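Take a look at the structure set out below.
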Amino acid sequence: MAPPDARRLLSGGVADAVGFLGGALAGFWLGQWLGMDIFAPGYGGASLVGILLVGVGGGLGVQLARRWQALRGKDDPAP
């Protein structure tokens, strides 16, 4: 069994990973819905905006996961 600190860190890491993945997928599907394919050949404007949506979605997902953990009282919010 892991010590309490290791368990808290693991829980925070898993929550961050799930938040990032969920947010990135949400950004990807929003880009697909808007017609911005990140896998299009070349780096056109639509492709770059799609990539930006994936990055912003991932970042927002991490922030939501951290706030959710702070509300549950398991971890302090990141500065």
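The values are calculated or read from the model by the stated rules, or taken from the named source; none is laboratory data. Everything quoted here is computed from the prediction, not taken from an experiment. Please note: Cβ atoms are built from the backbone with ideal geometry, for glycine as well, and neighbour counts cover all protein chains shown.
Just to verify a result, which residue in the range 27-74, among those that are outside any helix (DSSP H, G or I) and in contact with a Leu (Cβ under 9 Å, 6 or more places away or on another chain), is surrounded by the fewest Cβ atoms within 10 Å (Cβ to Cβ)? Talk me through it step by step, then tell me what you get.
Pass one, the range 27-74, residues outside any helix (DSSP H, G or I): 34-44, 73-74.
In the following step, the residues that additionally are in contact with a Leu (Cβ under 9 Å, 6 or more places away or on another chain) were identified as 34, 36, 38.
Details: 34: 12, 36: 21, 38: 18.
Checking each candidate, the answer is 34.
The lone criterion from (1) in contact with a helix residue (DSSP H, G or I) (Cβ under 6 Å, 6 or more places away or on another chain); (2) modelled with pLDDT under 95; (3) not charged (D, E, K, R) left unmet by residue 12 is number (1).
Hey, among the residues in the range 15-25 that are crowded, with 17+ Cβ neighbours inside 10 Å and not charged (D, E, K, R), which one's farthest from the chain's Cα centre (by Cα)? Before you say what the answer is, go through the steps one by one.
The initial filter retains those residues of the range 15-25 that are crowded, with 17+ Cβ neighbours inside 10 Å, namely 15-16, 19-20, 22-24.
Retained after the next criterion (residues that are not charged (D, E, K, R)): 15, 19-20, 22-24.
On the way: 15: 10, 19: 4, 20: 2, 22: 6, 23: 4, 24: 5 Å.
Once the filter is applied, the top-ranked residue is 15.
Listed by first and then second residue, the pairs with beta-carbon distance under 9 Å, at least 6 apart or on different chains, first residue in the range 19-45 and within 23 Å of residue 66 (Cα to Cα), second hydrophobic (A, V, I, L, M, F, W, C) and not in a helix (DSSP H, G or I), are 28/38; 30/36.
Could you identify the single residue in 39, 28 that is of a type outside the set (D, E, K, R) and in contact with a helix residue (DSSP H, G or I) (Cβ under 7 Å, 6 or more places away or on another chain)? Step through it out loud before you land on a result.
Numbers: 39 fails: in contact with a helix residue (DSSP H, G or I) (Cβ under 7 Å, 6 or more places away or on another chain).
28 is the lone residue from the list that is of a type outside the set (D, E, K, R) and in contact with a helix residue (DSSP H, G or I) (Cβ under 7 Å, 6 or more places away or on another chain).
Could you tell me whether any residue of the range 6-14 is free of Cβ contacts under 8 Å to residues at least 40 places away in the same chain, exposed (fewer than 11 other Cβ atoms within 10 Å of the Cβ), among the small types (Gly, Ala, Ser) and not in a helix (DSSP H, G or I)?
The first filter runs over the range 6-14 and keeps only residues free of Cβ contacts under 8 Å to residues at least 40 places away in the same chain, leaving 6-7, 9-10, 13-14.
Filter once more, so that each one left must be exposed (fewer than 11 other Cβ atoms within 10 Å of the Cβ): 6, 13.
Next, only the ones that are among the small types (Gly, Ala, Ser) stay: 6, 13.
If we keep only those that are not in a helix (DSSP H, G or I) too, we end up with none.
Checked against the condition, which is being free of Cβ contacts under 8 Å to residues at least 40 places away in the same chain, exposed (fewer than 11 other Cβ atoms within 10 Å of the Cβ), among the small types (Gly, Ala, Ser) and not in a helix (DSSP H, G or I), the range 6-14 yields no hits at all.
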